[in-house]
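Student: Below you'll find the structure I mean.
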Amino acid sequence: MDNNPAKLIDGARISIVKGDITKMTTDAIVNAANSGLMGGGGVDGAIHRAGGPAILEECKKIVSRQGRLPTGQAVITTGDRMKTRHVVHTVGPIWRGGDQGEPDLLASAYRESLKLAAENNISSIAFPSISTGVYGYPVEEASRIAVKTVASFLREPSSIKEVIFVLFNAEAYDAYASALEELP
Ligand code: ADP
């Protein structure tokens with residue numbers, strides 16, 4: 001059995017794993033996208049490569065319908081060639097020193113992703129560490145916000161019973177493991 005860090009919140013499970021989010025078998029995975037939804041580097045590039053062109057097609061339709069995706073909001077597409085059925089695309093804030101609304105925007109990215117997943121009756125969802133790559137958000141602060149926001153969402157009734165943080169490197173894994181440990 002695995003001994004990944006995990007906690008139960010009102011019957012729903014939060015856990016931390018190290019790995020590649022494109023391999024997850026959860027109902028949905030979350031993409032740390034940018035507002036243009038055109039793909040990019042980091043986890044965004046990995047998801048589009050693994051999922052195939054149908055994801056970009058849907059993203060383009062969304063942008064032509066509703067414009068660029070504002071920071072802190074989320075939209076949903078197919079997971080196409082991946083094992084996951086859905087990709088929730090959200091835009092985290094770019095770190096500009098921390099006094100430009102970054103904490104609220106980061107919390108919003110997690111909350112809006114979960115809300116949209118619940119509207120789609122999703123029960124399991126995997127998140128990457130939003131904003132802590134190219135967007136430069138310090139990972140310890142980001143991990144506390146991520147874990148706290150997910151936990152408070154799970155305290156209210158919804159379809160979501162499992163949230164997995166999938167961390168790509170040891171530093172992020174350790175930060176999320178500590179944040180989960182600190183959770184009351
Ligand atoms: P952002 O622009 O929001 O900072 P990045 O993709 O640059 O997004 O980085 C977010 C996090 O995703 C980083 O911690 C990065 O190491 C991680 N990451 C990159 N590829 C993957 C992957 N395949 N699975 C999970 N996490 C990944």
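The values are calculated or read from the model by the stated rules, or taken from the named source; none is laboratory data. Only a predicted model underlies this, so the values are computations on that prediction, with no experimental measurement involved. Neighbour counts are summed over all protein chains in view; Cβ atoms, including those assigned to glycine, are modelled from backbone coordinates with ideal geometry. The accessibility values were calculated without ligands, DNA or RNA, using every heavy atom of the protein model including side chains. Shrake-Rupley method; radii C 1.70, N 1.55, O 1.52, S 1.80 Å.
Student: Taking all protein chains as present, what is the carbon and sulfur share of the accessible area of the chain, in % to the nearest whole number, probe 1.4 Å?
Tutor: Carbon-and-sulfur percentage of accessible area, whole number: 49.
Student: May I ask you to order 129-136, 151-158 by the average number of other C-beta atoms within 10 Å around their residues, highest value first?
Tutor: On the way: 129-136: 21.4, 151-158: 15.4.
Highest mean packing first, the order is 129-136, 151-158.
Student: Given the -39500 (n - 2.57) contribution per DSSP H run of 4+ residues, what per-residue ellipticity at 222 nm results for the chain, rounded to the nearest 500 deg cm²/dmol?
Tutor: The helix contribution divided over the chain gives -12500 deg cm²/dmol.
Student: May I ask which of Lys83/Lys115; Lys61/Lys161; Lys18/Lys60; Lys115/Lys161 have a Cα-Cα span longer than 20 Å here?
Tutor: Violating the 20 Å limit, Cα to Cα: Lys83/Lys115; Lys61/Lys161; Lys18/Lys60.
Student: Normalised by the residues of the chain, what does the relative contact order come to in percent, with Cα pairs under 8 Å and at least six apart?
Tutor: RCO, the chain: 29 percent.
Student: Let me ask something else about it. Apply the Karplus parameterisation 6.51 cos²θ - 1.76 cosθ + 1.60, with θ equal to phi minus 60°, to every residue of the stretch 128-140 and state each ³J(HN,Hα) to the nearest whole Hz, in sequence, with x for glycine and proline.
Tutor: x, 7, 4, 6, 8, x, 4, 6, x, 6, x, 5, 5
Student: What residues have an amide H closer than 5 Å to that of Gly19, excluding those fewer than 5 places away on the same chain, when H is modeled at 1.01 Å from N in the peptide plane?
Tutor: For Gly19, the qualifying residues are Leu167, Phe168.
Student: Only bridges whose two residues both fall in the chain count here: according to DSSP, what percent of them are antiparallel, nearest 5?
Tutor: In the chain, approximately 35 percent of DSSP beta bridges are antiparallel ones.
Student: Each residue of the stretch 9-18 in turn: what ³J(HN,Hα) in whole Hz from Karplus with 6.51, -1.76, 1.60 and θ = phi - 60°, glycine and Pro shown as x?
Tutor: 10, 6, x, 9, 10, 10, 9, 10, 9, 9
Student: What does the highest-first list of 33-46, 166-179 look like by mean Cβ count within 10 Å?
Tutor: 166-179, 33-46
Student: May I pose another question? Translational D (Stokes-Einstein, µm²/s) of the chain at 25 °C and 0.890 mPa s when Rh comes from the Kirkwood sum over C-alpha pairs?
Tutor: After rounding, the answer is 153 µm²/s.
Student: Each residue of the stretch 77-82 in turn: what ³J(HN,Hα) in whole Hz from Karplus with 6.51, -1.76, 1.60 and θ = phi - 60°, glycine and Pro shown as x?
Tutor: Here the 3J(HN,Hα) series is 9, 5, x, 6, 7, 7 Hz.
Student: Could you state the accessible area per residue of the chain in Å², with a 1.4 Å probe and every protein chain left in place?
Tutor: On the way: 8770 Å² over 184 residues.
Per-residue accessible area for the chain comes out at 48 Å².
Student: Turning to a different aspect of this structure: Under a Cβ-only charge scheme (Lys and Arg +1, Asp and Glu -1), can you give me the dipole magnitude of the stretch 6-182 about the Cα centre, in debye to the nearest 20? Intermediate results must be reported in sequence, preceding the final value.
Tutor: Numbers: 19 positive and 20 negative charges, 115 e Å.
About 560 debye.
Student: If I build a Gaussian network model for the chain, linking alpha-carbon pairs within less than 10 angstrom, which residue out of Arg65, Arg144, Arg13 has the largest mean-square fluctuation?
Tutor: Evaluated over the chain, the most mobile residue of the options is Arg65.
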